[in-house]
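Scroll down for the structure; my scribbles are underneath it.
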Amino acid sequence: MNTTYELIELSSEVYVTSEMRKFNCENALEEKLIKKFLKDSNKGVTKIYLLKSPELYVGFVALSVSRLNNDPVVLIDYLYIQTIFRKKTINELGDIKPSEYLVKFAISCALEVKKIVAVRFVLLQAAHDKLIDFYEKSGFKKLEGTKDAWMIFRLSKDQ
């Protein structure tokens, strides 16, 4: 059995549509959000990166650019992990959970963008309060003055 995991940028509209339909959503909200980001990807508004093993789809992260006040940011639009992988640590990903892997990937993307344009932060909105601790462990801090669990990761000057 091949246990190689790969991260794929979904780019063509047909490919994005066919691949994203293979996700098993746990509830109607998840399904609605996946469809929204699928449409955004097809419009060129967000980029979707799919994490998969040869047998199964593990999850994906959707990234775009935005602004926080006047600061340009890389925005994690959505991070989704299939239910069966949510608490699993995967050796091939460096003994971390797929969610941690995709957050690190998003930060590394922001660092690449920072080499070209002025980006100072990675921004996300935690889908629910249970995720706040997870994102804090990844270096995100709650954004003060917002009622909806917005969180920010500061890209350091020497990164």
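Check the range 41-53 and report whether any residue there is surrounded by 16 or more Cβ atoms within 10 Å (Cβ to Cβ) and over 29 Å from residue 4 (Cβ atoms).
Among the residues of the range 41-53, not one is surrounded by 16 or more Cβ atoms within 10 Å (Cβ to Cβ) and over 29 Å from residue 4 (Cβ atoms), which makes the answer no.
Could you check, for the range 95-108, whether at least one of its residues is exposed (fewer than 12 other Cβ atoms within 10 Å of the Cβ), more than 15 Å from the chain's Cα centre (by Cα) and not β-branched (Val, Ile, Thr)?
Yes, the conditions are met somewhere in the range 95-108.
So, in the range 67-88, how many residues would count as being surrounded by fewer than 17 Cβ atoms within 10 Å (Cβ to Cβ) and modelled with pLDDT of 95 or more?
To start, the set of residues in the range 67-88 that are surrounded by fewer than 17 Cβ atoms within 10 Å (Cβ to Cβ) comprises 67-72, 83-84, 86-88.
Those still in the list that are modelled with pLDDT of 95 or more too: none.
Count: 0.
Kindly provide the set of residues from the range 97-128 that are at pLDDT below 95 and in a strand (DSSP E or B), ordered by number.
125, the sole residue that qualifies.
Can you go through 104, 114, 142, 130 and tell me which one is among the charged types (D, E, K, R), in contact (Cβ under 8 Å) with a residue 24 or more places away in the chain and more than 25 Å from residue 5 (Cα to Cα)?
Working: 104 fails: more than 25 Å from residue 5 (Cα to Cα); 142 fails: in contact (Cβ under 8 Å) with a residue 24 or more places away in the chain; 130 fails: in contact (Cβ under 8 Å) with a residue 24 or more places away in the chain.
Residue meeting the stated conditions: 114.
Based on this model, can you work out whether residue 46 counts as of a type outside the set (A, V, I, L, M), more than 22 Å from residue 109 (Cα to Cα) and modelled with pLDDT of 80 or more?
no
Please enumerate the residues belonging to the range 142-159 that are touching a helix residue (DSSP H, G or I) at 6+ places or on another chain (Cβ under 9 Å) and either crowded, with 16+ Cβ neighbours inside 10 Å or basic (Lys, Arg) (or both).
142, 149, 151, 153, 155
Looking only at the range 129-159, count how many residues are of a type outside the set (Ser, Thr, Tyr), within 20 Å of residue 63 (Cβ to Cβ) and assigned to a loop (DSSP other than H, G, I, E, B).
Number of matching residues: 7.
Working only within the range 66-94, note down all residues that are assigned to a helix (DSSP H, G or I) and within 10 Å of the chain's Cα centre (by Cα).
The answer is none; no residue qualifies.
The values are calculated or read from the model by the stated rules, or taken from the named source; none is laboratory data. Quick caveat: nothing in here was measured; it's all calculated off a predicted structure. Because the Cβ atoms are built from the backbone with ideal geometry, glycine has one as well, and the counts that use them run over all protein chains shown.
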